[in-house]
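The values are calculated or read from the model by the stated rules, or taken from the named source; none is laboratory data. Keep in mind that what you see is a predicted model, and the values were worked out from it rather than measured. Cβ placement follows ideal geometry from the backbone for every residue including glycine, while neighbour counts extend to all protein chains displayed.
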Amino acid sequence: MTTANVLNLQQDGIAAARAGNKPLARRLLLEASLYDPNNKSVWLWLAVVATTPDETVKYLHRALALSPGNEQILAALRQAEGRLAQQQETAVWHCPLCDAADTEAHDRCPRCRAVLTLTDFTVLLENHAVDNRRLQTAVSQLQQAVEHDPDDVRVHYKLALAHLNMRETALGLRHLQTAQRLQPDNKFLQTAVADLQAELQRQAPPAWMCPLCLTPADQPSDPCPNCHAILTLSDIDSVIHNSSVNRDCLESVAQRLTQEAAALNEVGTYYKLALAQLNLGRVDRGIEQLNIALQLQPDNRAIRALVTVLLQRQADAEVAKNKQHAPAPQKGVILVVDDSPTIRKLVSMTLEEAGYSVVVAADGMQALGKLNGHSSELNGRLPNLILLDITMPRMDGYQVCKIIKGYKETKGIPIVMLSGKDGFFDRVRGRMAGSTDYITKPFKAENLVEAVSKHIKRD
């Protein structure tokens, strides 16, 4: 990560802290500390937004190590250590997950209601009283900690405890096994892993279980009797317009699957997350998750066909909407350069419905050939605007853009870059190559038409 990006993380973290958004501030500042561990300011601000006095003390010690003898840091450290000592005198117990404090120790936290021991997995895995919202907050904070120190056995143990209380057994077992791998001689962890595996094998699977909300049933049911999600995608419109869906339940499912997808990176998890998002009517998010699954399994024809159908459906809907409500645009010739046949088709349909003539090219070499007059499609004319994909074989969009802008005859043609990335440096690089604007894929048809109308060169 560049120095500028790290500085942006730091500045955004400080701004979040000043705005009172401590969770966001901690996440941004912890990420900044990974790339710039010798930044005193980052450690001082982490001390400000710390969740516990012992965290405050830890971060102040990091800052003091970078500035030995600093009177202001020493004064703040003395105050924090005093608060920590006072807390330790009044509270002898802290929940390892939600940090609730009490004068008496508990095997089940009175606030988040999590079971805090791994001695009886039957009780732990059937803990229906747990406060999932508090545990999800704890998991988010623990994930930040494990990103900062992947070898922290205590954090992996706490994550296992949290996931098992939420009945997310795959993630719980995974973190428990990681803790055992980091401490191979720890007899307690060895026993805990073995007992958990035995308990999971002992529990007879139900005849059927909803792949989203995990509700068991004696026989398969579509839609699910609990979350009311439609579980097959043979009728896309019925799924997207599912008015019977239990939105609160499915929102919780989507949050859980998002965490599982990030941890497991499996095609099946991304597919289930897409199914949940589509039942919630979020087509863009559904397509996004299916595209990730397709990246992991490029030869999966079923998922590829599903993405194509969804993209086609969106394009048709947007074009129909534009025909009804949008004023007729002025005509012009657009050269569309993209190596994806699906994108070329969707962009062509959208622009032609909006009144433009469209010429397509599958890569940069083909596009340059058409501009040089080697195509009857342009009839010796130059296009009024070029839509140019960045990631293409043989020659990327930046190179093509530079070549077009290097010729007197074509340098005046507006070029709008198309990319699946939305980074600051991608935009800057496009500007340096000579592009006029930048559109991030996937995009809505109305946004594409608006960008073309804004930048097109009139004859």
(message) Going through 13, 20, 82 one at a time, which residue ends up being assigned to a loop (DSSP other than H, G, I, E, B) and of a type outside the set (D, E, K, R)?
(response) 20
(message) I need a count of the residues in region 147-156 that are touching a residue at least 40 places away in the same chain (Cβ under 8 Å) and crowded, with 23+ Cβ neighbours inside 10 Å.
(response) 0
(request) Please specify each residue of region 264-304 satisfying the condition of being among the aliphatic types (A, V, I, L, M), under 25 Å from residue 163 (Cβ atoms), at pLDDT 90 or above and part of a helix (DSSP H, G or I). (result) 267, 273, 274, 275, 276, 292, 293, 296
(request) Among the candidates 192, 170, 217, single out the residue that is within 30 Å of residue 245 (Cβ to Cβ) and in contact (Cβ under 8 Å) with a residue 60 or more places away in the chain. (result) 170
(message) Looking at region 188-198 only, could you name the residues that are farther than 12 Å from residue 118 by Cα and within 33 Å of the chain's Cα centre (by Cα)?
(response) 197
(request) Of all residues in region 35-58, count the ones that are at pLDDT 85 or above and closer than 19 Å to residue 12 by Cα. (result) 15
(message) Return the residues of region 161-192 that are crowded, with 17+ Cβ neighbours inside 10 Å and more than 19 Å from residue 265 (Cα to Cα); say none if nothing qualifies.
(response) 161, 162, 164, 165, 166, 179, 180, 189, 192
(request) List the helices (runs of 4 or more DSSP H) that sit entirely inside region 122-239 and contain at least 1 residues that are among the acidic types (Asp, Glu). (result) 132-148, 187-202
(message) Looking at residue 118 and the list (1) assigned to a loop (DSSP other than H, G, I, E, B); (2) free of Cβ contacts under 8 Å to residues at least 12 places away in the same chain, which single condition is not satisfied?
(response) (2)
(request) Working carefully through the options 44, 97, 60, 77, find the one that is crowded, with 19+ Cβ neighbours inside 10 Å, outside any helix (DSSP H, G or I) and more than 23 Å from the chain's Cα centre (by Cα). (result) 97
(request) Would you point out the residue of region 238-290, among those that are charged (D, E, K, R) and crowded, with 18+ Cβ neighbours inside 10 Å, that is farthest from the chain's Cα centre (by Cα)? (result) 272
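Which one of these is modelled with pLDDT of 85 or more and at positive phi: 406, 355, 397, 373?
355
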(request) Return only the number of the condition from (1) out of contact with any Leu (no Cβ under 8 Å at 6 or more places or on another chain); (2) within 21 Å of residue 149 (Cα to Cα); (3) not charged (D, E, K, R); (4) not in a helix (DSSP H, G or I) that residue 38 does not satisfy. (result) (1)
